[in-house]
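What follows is calculated from the coordinates using simple rules that are stated; it is not laboratory data. For clarity, every value in this text was computed on a predicted model and none was experimentally measured. Backbone-built Cβ (ideal geometry, glycine too); neighbour counts: all protein chains shown.
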Amino acid sequence: MNQVSGRTKWLGLVGWLAVSFVAAAFGAVASVHAGEFYQSLARPGWAPPGWLFGPVWSVLYTLMGISAWLVWVRRGFTGARTALVVFLAQLIANGLWSWLFFAWHKGWLSFSEVILLWAMILCTVVLFWRVRRSAGVLLLPYLAWVSFACALCFATWRLNTQLFG
């Protein structure tokens with residue numbers, strides 16, 4: 001049942017995109033010196049260049065906002081409370097990872113947290129999929145990227161144990 005319509009629907013899109021990009025900004029504050037830190041690390045040969053992360057995350061945050069909006073349009077916040085609360089929780093976990101890895105240099109914790117983030121994203125995909133299949137599909141690139149990030153985080157941490165507390 002569609003609970004959101006008209007002008008509210010489009011303001012909602014702006015709102016959900018804003019929520020996603022606020023989470024991005026939270027992580028970006030911790031990543032101010034990420035480029036320098038990333039370059040200083042020993043990385044596996046399959047690690048992407050540092051410049052790639054910004055564009056990829058910009059696309060992913062946009063997809064996240066649109067995905068949440070699709071769920072919200074279909075059921076409203078009350079009708080999709082669990083799915084949207086899990087979505088918001090995983091956004092917080094997403095931003096926290098940047099603090100653990102780039103700001104606080106906590107390798108083990110950042111790896112453990114990215115595994116938790118992956119599980120939260122998977123839960124969000126399933127919950128969104130049940131409300132609106134296209135909303136779940138839009139999160140699949142995010143799940144794939146964080147799957148890759150799990151492996152990269154682990155490998156980078158293991159190659160740089162002397163730099164991580």
(request) Among V137, V32, rank each residue by its count of other Cβ atoms within 10 Å, from fewest to most, as a rough exposure measure. (result) V32, V137
(request) Starting with the highest mean, order 64-73, 85-94 by the number of other Cβ atoms within 10 Å, averaged over the residues of each peptide. (result) 64-73, 85-94
(message) Tell me the mean residue ellipticity at 222 nm calculated for the chain from its helices only (DSSP H runs of n ≥ 4, each -39500 (n - 2.57), averaged over every residue, nearest 500).
(response) -26500 deg cm²/dmol
(message) Could you list H33, H105 so that the one with the fewest beta carbons within 10 Å of its beta carbon is first and the one with the most is last?
(response) H33, H105
(message) Going by average Cβ density within 10 Å per residue, which order do the peptides 119-128, 46-55 take, highest to lowest?
(response) 119-128, 46-55
(request) Enumerate the calculated ³J(HN,Hα) couplings along the stretch 35-52 in order (Karplus 6.51 cos²θ - 1.76 cosθ + 1.60, θ = phi - 60°), each rounded to whole Hz, writing x wherever the residue is Gly or Pro. (result) x, 5, 4, 4, 5, 7, 7, 6, 10, x, x, 8, 5, x, x, x, 5, 6
(request) Let me have the relative contact order for the stretch 46-128, percent, based on Cα pairs under 8 Å that are six or more residues apart. (result) 31
(request) Based solely on C-alpha atoms, express the radius of gyration and the Dmax of the stretch 31-165 in angstrom. (result) 15.8, 49
(message) Just to be sure I follow: if Rg is taken over the C-alpha atoms of the stretch 1-97 and Rh is the Kirkwood radius over the same atoms, what is Rg/Rh?
(response) 1.10
(message) Per residue of the stretch 7-14, what does 6.51 cos²θ - 1.76 cosθ + 1.60 with θ = phi - 60° give for ³J(HN,Hα)? Whole Hz please, x for Gly and Pro, Karplus curve as stated.
(response) 4, 4, 4, 6, 5, x, 4, 4
(message) Springs between alpha-carbon pairs under 10 angstrom, Gaussian network model over the chain: which of S40, S134, S20 fluctuates most?
(response) S40
